[in-house]
1. Is it the case, given these coordinates, that residue 138 is assigned by TED's automatic domain parsing to the domain that holds residue 68 and in contact (Cβ under 8 Å) with a residue 60 or more places away in the chain?
2. For the range 165-256, give me every one of the helices (runs of 4 or more DSSP H) that falls completely inside it and has 3 or more residues that are under 21 Å from the mean Cα position of the chain (by Cα) and touching a residue at least 12 places away in the same chain (Cβ under 8 Å).
3. For the condition closer than 25 Å to residue 168 by Cα, loosely packed, with under 11 Cβ neighbours inside 10 Å and either in the same structural domain as residue 127 (by TED's automatic domain parsing) or out of contact with any helix residue (DSSP H, G or I) (no Cβ under 7 Å at 6 or more places or on another chain) (or both), what is the one hit in 248, 217?
4. For the range 116-131: of the residues being within 10 Å of the chain's Cα centre (by Cα) and surrounded by 24 or more Cβ atoms within 10 Å (Cβ to Cβ), which is farthest from residue 150 (Cα to Cα)?
5. How many residues are in contact (Cβ under 8 Å) with a residue 60 or more places away in the chain and not in a helix (DSSP H, G or I) if we restrict to the range 147-157?
6. Anything in the range 173-214 that is modelled with pLDDT under 85 and within 27 Å of residue 45 (Cα to Cα)? List them, or say none.
7. Check off (1) modelled with pLDDT of 95 or more; (2) surrounded by fewer than 17 Cβ atoms within 10 Å (Cβ to Cβ) for residue 149 and give me the number that stays unchecked.
8. Which members of the range 158-181 meet the condition of being at negative phi and buried (at least 24 other Cβ atoms within 10 Å of the Cβ)?
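The values are calculated or read from the model by the stated rules, or taken from the named source; none is laboratory data. Given the structure is predicted, the values throughout are model-derived calculations rather than measurements. Neighbour counts run over all protein chains shown; Cβ positions are idealised from the backbone, glycine included.
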């Protein structure tokens, strides 16, 4: 049975990054200064993510039900927030319903559903990624005017251009900025906040692939479907179709 993770009096924004190993995900979670972006002194709404007895918790909308979105929803729900999770896969929504046992509300992702959830949310976490391509812009600049002032947008897809139209990459030294009264958190290297943990996790996930490449060269790519799926450029040719399409360049299929 799924049990929510508990944190003592911490209203943390949950930001996640993934390293893949043999179709298993190693998730590195960081919390942005105990939810400072929600605090009034940061321009936020002045909310405690989990609320207190007699006071409603913050509403969190997570767009994307993959591994990043799932763990963001898990952490936010564990902190006591009211969480909605949107995805376009009915199968995935069924899996999430079973996983969370009603603790997180799932919703099929349409533009109307996204607008409903974004306009009502105190925190919106965008986790939509398209392998090899730029992330789709699911929250537009025009939508900001209908959001609650002081709400927070967390763009986990910023490494691939971001899934909010008003996103641009920030750093840990200056992580947030404001557009139209909405706080944006778009740190491009989110796991860098916990660099020792994230470095060990990344090393654990990638070392076997590195050793295989060192021992076998391009043959390792032919033998391993996971390495093959991650191959973008070979001998000056773009062999990943999604990358080629996103750049408007020619795609050359990989010849095994």
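1. On the way: assigned by TED's automatic domain parsing to the domain that holds residue 68: yes; in contact (Cβ under 8 Å) with a residue 60 or more places away in the chain: yes.
Yes; evaluated as a whole, the condition is true for this residue.
2. 195-216, 241-247
3. On the way: 217 fails: closer than 25 Å to residue 168 by Cα.
Among 248, 217, only 248 is closer than 25 Å to residue 168 by Cα, loosely packed, with under 11 Cβ neighbours inside 10 Å and either in the same structural domain as residue 127 (by TED's automatic domain parsing) or out of contact with any helix residue (DSSP H, G or I) (no Cβ under 7 Å at 6 or more places or on another chain) (or both).
4. Filtering the range 116-131 for residues within 10 Å of the chain's Cα centre (by Cα) gives 125-129.
Okay, now just the ones that are also surrounded by 24 or more Cβ atoms within 10 Å (Cβ to Cβ), so 125-128.
Values: 125: 15, 126: 17, 127: 20, 128: 23 Å.
So the residue we want is 128.
5. 6
6. 189, 190, 191, 192, 193, 194
7. (1)
8. Result: 163, 164.
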